[in-house]
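Structure incoming, see below.
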Amino acid sequence: MITIATGQREPAKLPEFRISNSETMQNKLVYQIRTGNMDANGLNRLQSQCMNELHQLRSELDELLQELREIANPTGDHKNRERIAA
């Protein structure tokens, strides 16, 4: 969520298509890989897409964790933040 100057929260923009959001797509890709229907270039593209998606998901998780820390302790007490992170 993005905080606006008025204190209201604005929903973050929707992400593009993600393989992790579609179990059907995951099953299709697994089938293509297992049957040998995906060449080396296709596998390289898929690996790159998965790495990018993983990086995006990690970044979003970091942002959400930071928001939770701020909600849990709005005064900025660092010791409490470390306790929440553990």
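The values are calculated or read from the model by the stated rules, or taken from the named source; none is laboratory data. All figures in this text were calculated on a predicted structure; none of them were measured in a lab. Accessible surface areas use protein heavy atoms only, side chains included; no ligands, DNA or RNA. Shrake-Rupley method; radii C 1.70, N 1.55, O 1.52, S 1.80 Å.
Table: residues versus (1) of a type in the set (A, V, I, L, M, F, W, C); (2) at pLDDT below 90; (3) open to solvent by 60 Å² or more (accessible area, probe 1.4 Å).
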residue	(1), (2), (3)
6	no, yes, yes
25	yes, no, yes
32	no, no, yes
40	yes, no, yes
48	no, no, no
52	no, no, yes
69	no, no, no
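Further question: Going by the conditions given, is residue 61 open to solvent by less than 100 Å² (accessible area, probe 1.4 Å), assigned to a helix (DSSP H, G or I) and at pLDDT 95 or above?
So residue 61 passes the test.
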